[in-house]
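The values are calculated or read from the model by the stated rules, or taken from the named source; none is laboratory data. This is a predicted model, so every value here is computed, not measured. Positions of Cβ are generated from backbone atoms using ideal geometry, with glycine treated the same way; all protein chains shown enter the neighbour counts. Accessible surface areas use protein heavy atoms only, side chains included; no ligands, DNA or RNA. Shrake-Rupley method; radii C 1.70, N 1.55, O 1.52, S 1.80 Å.
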Amino acid sequence: MATDRYTYCIVGGGLAGASAAEGIREYDKSGSILLMGAETHLPYHRPPLSKTLWTGKKMVDDIFVHAREYYNDSGVTLALGVLATGIDPNRKSLTTDTGANYHYKKLLLATGGMPRKLPIPGADLEGICYFRYLDDYHRIREEATPGKSILVIGGGFIGSELAAALAMNKLDVTMIFPAPYLCDRVFPDYLGKALERLYTTRGIRMLKGDAPSSIKKRGGKFITLTRGGREIESDIVAVGIGIAPDEGLAKEAALKTGDGIIVNEYLQTSHPDIYAAGDNARFPYQALGQQMRVEHWDNALNQGKCAGRNMAEAREAYAYMPYFFSDLFEFGYEAVGEVTAALQTFADWEKENATGVIYYTKEGVVRGVMMCNVWEKVDAARELIRKREGASPDHLRGLIHS
Ligand code: NAP
């Protein structure tokens, strides 16, 4: 079998992969680059799929990271619709489902994550949409005509954003999730419950503390039975119950893994010529002093770029603090750091549960900040977290504001 040789092979045609190609080109203008992706689309930004594509602020043509000419002009060879099936770190080679064989000097695994499947009978019924990719958006978009009913399973990022987007598009929306309130991993209970009230007033039926136990089809409709004994009929079922980092290639190649591919501060895996970045990389988050995996757009963008630069010998530690954001009806936020409901919180509201800043603290030190309808303050939040100093509510009150 013929082997094509590339200086750089990037496995993963998402934002981290595309950003890595850019990062490489900042340091190496001529080394050959192969960018391989399982989807047939050019690399695209994922946040609009559950946000602005539904409000009309963006059209599908706007979401691609670069036009095709960019890759041609930058000397990046695209292999789209191609799945990497194995890597051999010793031979520095890569095989694909099309039977191709590639040799690399540096390899990036930017394979992201795969949507988790419901562990119930009927989970694979035709038509159930595990919402993650552009094709999923197209499918739901086509089906989601006003008046149709949809069951949204999961109350995290995808569930909360998609439910709001579909309600704004005049669908009859029901949400179901096991937690006691919306986005319970991220929001403190007071905020999660306030948003739930907002969802209810916007016509969304909220079934919390419950989960599907089986799904079947009857007369063209989905019938979802729940652990709590409910029966829900809907035209559409969309699921967002989290992702599993795609670490299969790394595991088979005996790279170090553990809820993600383990990388050092330069984003190198346990094999120094293989890098990982994006949703699947567990990296040392310097400002927080702990290993983390971050499944958000801004991390894919900046970590991908940093990995690319390092593949081209920049030797830069990844010290960036990625932020994330969401839009849920009129409630929008930006957040950075360790934003988890497991920490203590102090909320400094200008308008309760609508405008203000939530500080997430551990032993009096700010670890994360969520700015609710307060914009362009992410850098101030980053600085506060980086300082790692004790901060009392009196000190925090009014510190970051609109
Ligand atoms: P997620 O945010 O982890 O939320 C998963 C949700 O599914 C949780 O509400 C969870 O409840 C629930 N769940 C788990 N098992 C369930 C079951 N059997 N039945 C019903 N509900 C169940 O994951 P996601 O919403 O699927 O998002 C996927 C990825 O996209 C994540 O990586 C996320 O970061 C990313 N994303 C990010 C954004 C953003 O940054 N704004 C937007 C969209 C997507 P419990 O909490 O009780 O387990």
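Extending each Cα 7 Å along its Cβ direction at Ala342 and Arg68, get the distance between those two points in nm, one decimal.
My value for the distance between the label points is 4.6 nm.
Taking a spot 7 Å from the Cα of Asp4 along the direction of its beta carbon, which residues of segment 19-58 have an amide N less than 11 Å from it?
Zone members listed by number: 33-37.
Over 23 Å between Cα atoms: which of Lys170/Lys351; Lys29/Lys305; Lys193/Lys351; Lys51/Lys170; Lys362/Lys387; Lys51/Lys148 fall into that group? Walk me through the intermediate numbers first.
On the way: Lys170/Lys351 28 Å; Lys29/Lys305 15 Å; Lys193/Lys351 16 Å; Lys51/Lys170 15 Å; Lys362/Lys387 14 Å; Lys51/Lys148 19 Å.
From the list (Lys170/Lys351; Lys29/Lys305; Lys193/Lys351; Lys51/Lys170; Lys362/Lys387; Lys51/Lys148), the Cα-Cα distance tops 23 Å for Lys170/Lys351.
For segment 253-402, give the percent of accessible area contributed by carbon and sulfur heavy atoms, probe 1.4 Å, rounded to a whole number.
In segment 253-402, the share of accessible area belonging to carbon and sulfur is 45 percent.
Counting only DSSP beta bridges with both residues in the chain, tell me the antiparallel percent, nearest 5.
Once the DSSP bridges in the chain are tallied, antiparallel ones form about 60 percent.
What FRET efficiency comes out for the pair Ser392/Arg218, r = Cβ-Cβ distance, R0 = 56 Å, nearest 0.05?
Values: r = 58 Å, r/R0 = 1.04.
Computed FRET efficiency for Ser392 and Arg218: 0.45.
To the nearest 500 deg cm²/dmol, what mean residue ellipticity at 222 nm is calculated for the chain from DSSP H runs of n ≥ 4 alone, each contributing -39,500 (n - 2.57), summed and divided by the residues? Can you show the working numbers first?
On the way: 10 runs with 92 residues, N = 402.
Taking each H run of at least 4 residues, the total per residue is -6500 deg cm²/dmol.
Ranked highest first by the average count of other Cβ atoms within 10 Å around their residues, in what order do 281-291, 139-149 fall?
Top to bottom by mean Cβ count within 10 Å: 281-291, 139-149.
Taking the alpha-carbon distance from Lys117 and a cut-off under 17 Å, which lysines remain once sequence neighbours fewer than 8 residues away in the same chain are dropped?
The qualifying lysines are Lys216.
Using the beta-carbon distance between Arg139 and Tyr190 and R0 = 30 Å, what value does 1/(1 + (r/R0)^6) give for FRET efficiency, to the nearest 0.05?
0.25
If r is the Cβ-Cβ distance from Arg227 to Arg197 and R0 is 25 Å, what FRET efficiency results, to the nearest 0.05?
Using R0 = 25 Å, I get an efficiency of 0.55.
Normalising by the residue count of the chain, find the relative contact order in percent from Cα pairs under 8 Å and 6+ residues apart.
Result for the chain is 16 percent.
Ranked highest first by the average count of other Cβ atoms within 10 Å around their residues, in what order do 382-390, 321-329, 157-165 fall?
Numbers: 382-390: 15.1, 321-329: 19.6, 157-165: 25.3.
The packing order, highest mean first, is 157-165, 321-329, 382-390.
Using a 7 Å offset from the Cα along the Cα-to-Cβ direction at both Ala244 and Val365, what is the distance between the two label points in nm, to one decimal?
3.5 nm
Can you give me the orientation-averaged projected area of the convex hull built on the Cα atoms of the chain, in nm²?
If I average the Cα hull's projected area over directions, I get 20.3 nm².
What does the extension gain come out to for Lys57 and Arg91, with contour length at 0.36 nm per residue minus their alpha carbon separation?
7.5 nm
Report the extension gain between Ala317 and Ala123 in nm, rounded to one decimal, defined as 0.36 nm multiplied by the number of residues separating them, less their alpha carbon distance.
65.6 nm
For Cα pairs less than 8 Å apart in space and 6+ apart in sequence, what is the mean separation divided by the residue count of segment 251-308, i.e. the relative contact order in percent? Numbers along the way, then the final one.
Working: 85 pairs, mean separation 16.8, N = 58.
The normalised contact order for segment 251-308 reaches 29 percent.
Tell me which aspartates and glutamates have Cα within less than 18 Å of Lys208's Cα, excluding those fewer than 8 residues away on the same chain?
Glu161, Asp172, Asp184, Asp189, Glu196, Glu231, Glu233
Given a 1.4 Å probe and heavy atoms of the protein chains only, how would you sort Arg185, Arg205, Arg293, largest accessible area at the top?
Output order, biggest surface exposure first: Arg185, Arg205, Arg293.
In square angstrom, what is the accessible area per residue of the chain with a 1.4 angstrom probe?
Details: 17270 Å² over 402 residues.
With the other protein chains kept in place, the chain gives 43 Å² per residue.
When only alpha-carbon atoms count, how far does segment 104-222 stretch along each of its three principal axes, as whole angstroms with the largest first?
Extents along the principal axes: 56, 41, 28 Å.
Take the alpha-carbon positions of segment 1-88, form their convex hull, and give its projected area averaged over all directions (one quarter of the hull surface) in nm². Numbers along the way, then the final one.
Working: hull surface 27.1 nm².
Averaged projected area of segment 1-88's Cα convex hull equals 6.8 nm².
What full-extension length gain, to one decimal in nm, is calculated for Glu39 and Leu399 as 0.36 nm per residue of separation minus the Cα-Cα distance?
Going from the current span to full extension adds 125.2 nm.
I want to check the label-to-label distance for Ala254 and Ala354. Put each point 7 Å from Cα in the C-beta direction and report it in nm to one decimal.
6.1 nm
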